[in-house]
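Contents: one structure, followed by commentary.
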Amino acid sequence: MHAIILRFISAIFLAFLSSGCITLSPLVNLDSPVERIVDTRGFKKATIKTEYFVHTAYYYFGRPGEPVNIYIEGDGCAWPESTDNPTPRSPLVLELASIDPAENVAYLARPGQYTESGLPLCEATYWSDKRFSKEVIASMNEAISQLCLKAKADKINLIGYSGGAAIAVLIAAGRSDVVSLRTIAGNLDTEALSRHHYSGPLSGSLNPIDFAQELEGLPQRHFAGSKDKIVPLSITQSFAGRGGDKDFIRITVIEGATHVKGWSQRWQELLKILCL
C-alpha cells in the first residue's frame with residue numbers, strides 16, 4: 001500500500017517537473033525566523049488556492065467583522081538569473097505584520113514564495129517580467145477576498161512593501177472595500193525604476209502609476225527611505241504627482257532608512273501616522 005502511494009506521489013511530482021511549473025532548488029533555511037515571528041504574534045498559516053496560483057498566508061483575526069490590515073510581500077529574489085526561488089531571504093514584511101497591533105492582520109505572499117515544499121509552484125516569469133501581470137493581480141485579489149471572507153470583513157487596509165506596493169495599488173484600483181493604502185519603499189512606477197537602474201522593462205507587467213488616478217478619494221500614505229538606493233524617493237514623488245486628488249496622498253520620508261533597514265524598528269510608530 002505504501003509503495004503504491006509513493007509511486008502516485010512520484011508520478012505527480014514528475015508531472016509537475018515536465019510541465020515546467022516546478023523549478024528544483026536547494027531549500028532555504030527560513031524556518032527559524034519565520035516560526036519565531038509566527039509564534040510571537042499567534043499567526044495561523046493558510047495555503048490559499050486561486051484560479052492561477054497557490055499563495056501562502058499568515059493571519060490573526062481577533063475580532064471578526066472588523067477591518068483587516070493586509071500586508072503584501074515584496075518581490076523577494078525576483079530574477080531567475082540569480083535565483084530559482086523568489087522567497088525573500090529575510091521575512092521583513094511578515095515581521096512588520098507581526099508588529100501591527102490591529103485586531104485583524106493578514107500577511108500574503110506572492111506567487112512562488114514560502115511554499116511548503118520549498119519549491120516555487122509556478123514559472124519563473126511570474127516573479128520576473130510578469131510579476132505585476134493581470135493574472136498575478138487577479139490571483140492576489142482572489143486570495144485577499146478569501147481572507148476577507150474568513151475574517152467576515154467588508155473593509156481592508158492595504159500595506160505593500162517594495163514590489164508589493166505595486167500589487168497593492170493595482171488591487172486597490174479594482175476594489176471598493178479598500179479604505180486606506182500604505183506603501184513602504186514602493187515600486188510605484190516600474191518604467192521609471194527600470195530607467196533608473198538601466199534595466200529592461202517588465203514587458204509582461206502592469207505599471208501602477210498608470211492607475212494612480214483611479215485611486216482618487218482613497219487615503220494614501222507612502223513611506224520612503226532617505227537612503228533607499230533601490231527605490232529612490234523620486235519614484236514615490238512621481239506616483240503622487242500623477243494622483244488625481246492631492247488632498248488624499250501623503251508622502252513621509254524616513255530619515256536613515258534604506259530599502260530594507262530602518263523599518264521594523266519604527267513600524268509601530270509609523271502605523272500611528274494617519275493616511276490623511
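The values are calculated or read from the model by the stated rules, or taken from the named source; none is laboratory data. As the structure is a computational prediction, the values presented were derived from the model and not from experiment. Cβ: placed from backbone, ideal geometry, glycine included. Neighbour counts: every protein chain shown.
From the list VAL253, VAL260, which one is over 20 Å from the mean Cα position of the chain (by Cα), modelled with pLDDT of 95 or more, of a type in the set (A, V, I, L, M) and more than 19 Å from VAL178 (Cβ to Cβ)?
On the way: VAL260 fails: over 20 Å from the mean Cα position of the chain (by Cα).
Exactly one residue qualifies, and that residue is VAL253.
If LYS227 satisfies all but one of (1) in a strand (DSSP E or B); (2) out of contact with any Cys (no Cβ under 8 Å at 6 or more places or on another chain); (3) charged (D, E, K, R), what's the number of the condition it fails?
That leaves (1) as the condition not met.
When you check SER226 against the structure, is it modelled with pLDDT of 95 or more and in contact with an Asp or Glu (Cβ under 7 Å, 6 or more places away or on another chain), yes or no?
yes
Would you please list the contacts, defined by Cβ atoms under 7 Å and residues six or more apart or on different chains, that run from a residue in the range 192-203 that is free of Cβ contacts under 8 Å to residues at least 60 places away in the same chain and over 15 Å from LYS130 (Cβ atoms) to a residue that is in a helix (DSSP H, G or I) and not basic (Lys, Arg)?
These pairs meet every condition: ALA192/ILE235; ALA192/SER238; LEU193/ILE235.
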